[in-house]
1. Pull up the cross-link candidates among the lysines for residue 255, meaning alpha carbon to alpha carbon under 19 Å and not fewer than 8 places away within one chain.
2. Which loop-located chymotrypsin sites (Phe, Trp or Tyr not before Pro) does segment 283-359 contain, where loop means any DSSP state but H, G, I, E or B and the Cβ has at most 16 other Cβ atoms within 10 Å?
3. What area, in nm² and to one decimal, does the C-alpha convex hull of segment 62-198 cast on average over all directions?
4. Using the Kirkwood radius over C-alpha pairs as Rh, can you work out the diffusion coefficient of segment 186-298 via Stokes-Einstein at 10 °C, viscosity 1.306 mPa s, in µm² per second?
5. Could you name the lysines in cross-link range of residue 2, using Cα to Cα under 23 Å and dropping any fewer than eight places away on the same chain?
6. Viscosity 1.306 mPa s, temperature 10 °C: Stokes-Einstein D of the chain from its Kirkwood Cα radius, in µm² per second?
7. What's the carbon and sulfur percent of the chain's accessible surface, probe 1.4 angstrom, rounded to a whole number?
8. What whole number of Å gives the distance from the Cα centroid of segment 71-145 to the Cα centroid of segment 242-320?
Amino acid sequence: MKIVIIGDGKVGYKLAKQLSVENYDVVLIDSNEKKLRFAIDRLDISCVAGNGADAEVQKQADVPHADLVIACTSADECNMLSCLIARRLGARHTIARVRNPVYYRQIGLLKEDLHLSMAVNPELTVANEISRLLLFPDASKIETFVKGRVELIEFPVCAQSRLVGRSLAEMYDRFQVQVLVCAVEHGDEVIIPDGYYVLRPGDRLHITASHAEIERFFKMHGNHKEKIRKVIICGGGRVAYYLSKQLCALGMQVKIIERNEARCEELCELLPRAVIIQGDATDHDLLIEEGADAADAFVALTGMDEENIIVSLFAKKQGIGKIITKINEDRRAHIVEDFGIDSVVSAKAATADSILSYVRARKNSQGSANVETMYQLVDDKVEALEFIVKSATRYTGIPLKDLRLRSNNLIACIARKNQIIIPNGDDCIEPGDSVIVVTMEPHVEDIADILM
């Protein structure tokens, strides 16, 4: 499968890295030759220097024979124009990153006229993720499957938790809720556990279930946090706009602190129900003056990772119960988690996951099951994939206890019409099901790949 990526920024490089590892034929286009030299020295890809919206440059990259063109430069207009040219040249599918709220509101019209296969809005994707975390503050990360009906959440086990010292089998028996622990992270160790695994302080559990069952689970084990009502957001960029719009609609009190005066005036018009403060979010006196100590949640969304880390640490010192930090560089995410800030979000990672899901689905479109959704967890050591089972195959209609799975693989959930099933050995996969698989194997493209 030949894939051309236009734009060697954070998203473009991450996609090129992941796709080249998965043995796709990748060509990267960018006008910055220094960036391209960096990429070609480290990745097994081809590079073409030039403007991605130039038809001649696209021809050099062999776009006319490409299965997929992904345009993810910093300019929406360039991305949309590049995709239009790519389709005219013969590319089979195109994906454009579109960030401007004005463009994205009319993306349905634009997709049709530009023949886009998919449009990705990183800021809206991250805002949706943060909104879920604020609605469910017990979790440090939340991913969704089956159009939001199934959630995969991550949360840390503290020393005082009633879960400590219990095996997973005991936990399931004790709480009688339909949840499944899919993966456990402890320090550098990552495992897909069985029922004998005994929970320890410092474990980070990845649990799948319906939203209602996860809520019951948290209430039962005694670590349930209060509902969030007051939110302070540092930084007034696009993520802050999308997030504030959602939170205000949910009835939360939102306060945004933004340095740029013109942007503050713009936000006042766009978000009449939010309070907009002009000021430096790194000014601790200002944060105290604006009631940081009385906030239920604190979200750091400035354009600089360092600023986000600093203000998040200050918020933690003030005792704020829920802190969410936006980090662009993967290596900095570990630093933040080491400081005890559990919820870290990344527009780059969210965008890459959604595009990789699309790529996997297209590659396997002739198979028995399509990849619908994919998330990379625990520093990309674990993948969670949602498959739509299209037709009967060798693993349908057979009790799971009779299917021999390879090690480090788990069938975590089955969604069948209006039913969410946390499977046991007697359950079967049927045509039409959505099946969530958690795996430590790379490049899983079909449920058959995890069977022996």
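The values are calculated or read from the model by the stated rules, or taken from the named source; none is laboratory data. The structure displayed is predicted, hence computed values, not measured ones. Neighbour counts are summed over all protein chains in view; Cβ atoms, including those assigned to glycine, are modelled from backbone coordinates with ideal geometry. All accessible areas refer to the heavy atoms of the entire protein, side chains included, with ligands and DNA or RNA removed. Shrake-Rupley method; radii C 1.70, N 1.55, O 1.52, S 1.80 Å.
1. Result set, ordered by chain and number: 227, 230, 245, 316, 322, 326.
2. Values: sites: 298, 314, 339, 358; in loops: 339.
Of the chymotrypsin sites (Phe, Trp or Tyr not before Pro), the ones in loops of segment 283-359 whose Cβ has at most 16 other Cβ atoms within 10 Å are 339.
3. Quarter of the Cα hull surface area: 12.1 nm².
4. 93
5. Of all the lysines, those that pass the test against residue 2 - Cα under 23 Å, at least 8 places apart if same chain - are 10, 14, 17, 35, 59, 111, 348, 363.
6. Working: Rh = 23.3 Å.
Rounded, D is 68 µm²/s.
7. With neighbouring chains kept in place, the figure for the chain is 47 percent.
8. Here the two parts' Cα centres lie 25 Å apart.
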